[in-house]
1. With an 8 Å Cα cut-off and a minimum separation of 6 or more residues, compute the relative contact order for segment 51-107 in percent.
2. Quick one: plug the Kirkwood hydrodynamic radius of segment 51-107 (C-alpha pairs) into Stokes-Einstein at 20 °C, 1.002 mPa s, and report D in µm²/s.
3. Please compute the modelled spin-label separation between I103 and I80, points set 7 Å along Cα→Cβ, answer in nm with one decimal.
Amino acid sequence: MKQLNALWCIIIGTVISSVVPASERLPPPSQQGNLGSVAGNIFGLEMNLHQFMRTVCIISGIGLFMAAIVKYNKHRQNPIEVSLGAVFTNIIIGAFLIILAFIPLSI
């Protein structure tokens with residue numbers, strides 16, 4: 001169980017560090033300058049948030065597809081334990097999340 005928690009921490013840390021590159025992080029307050037640079041920083045945060053949400057949607061969608069495969073195998077072994085509706089629900093929600101990740105941002 002501890003190994004699984006450590007694996008999740010590594011995965012989440014990798015995703016977060018890949019979403020916000022070091023060159024696009026906010027400068028210290030002494031270097032921010034005027035109101036235009038503050039507005040630019042806010043827009044940069046929105047773009048980073050969009051990239052983060054896109055990454056989360058893709059990872060969640062793939063995870064739901066993999067869960068659907070596991071549930072389908074369990075359904076084949078014992079149909080009473082896992083219903084086929086749970087498999088279809090995971091597939092539909094996973095597909096929705098992956099499609100949601102590719103909706104263009106209109107900023």
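Coordinate-derived values only; no laboratory data. Predicted model only: the values in this text are computed from it and were never measured. All Cβ positions, glycine included, derive from the backbone under ideal geometry; neighbour counts span all protein chains shown.
1. Values: 50 pairs, mean separation 27.8, N = 57.
Relative contact order, segment 51-107: 49 percent.
2. 179
3. It is 4.2 nm.
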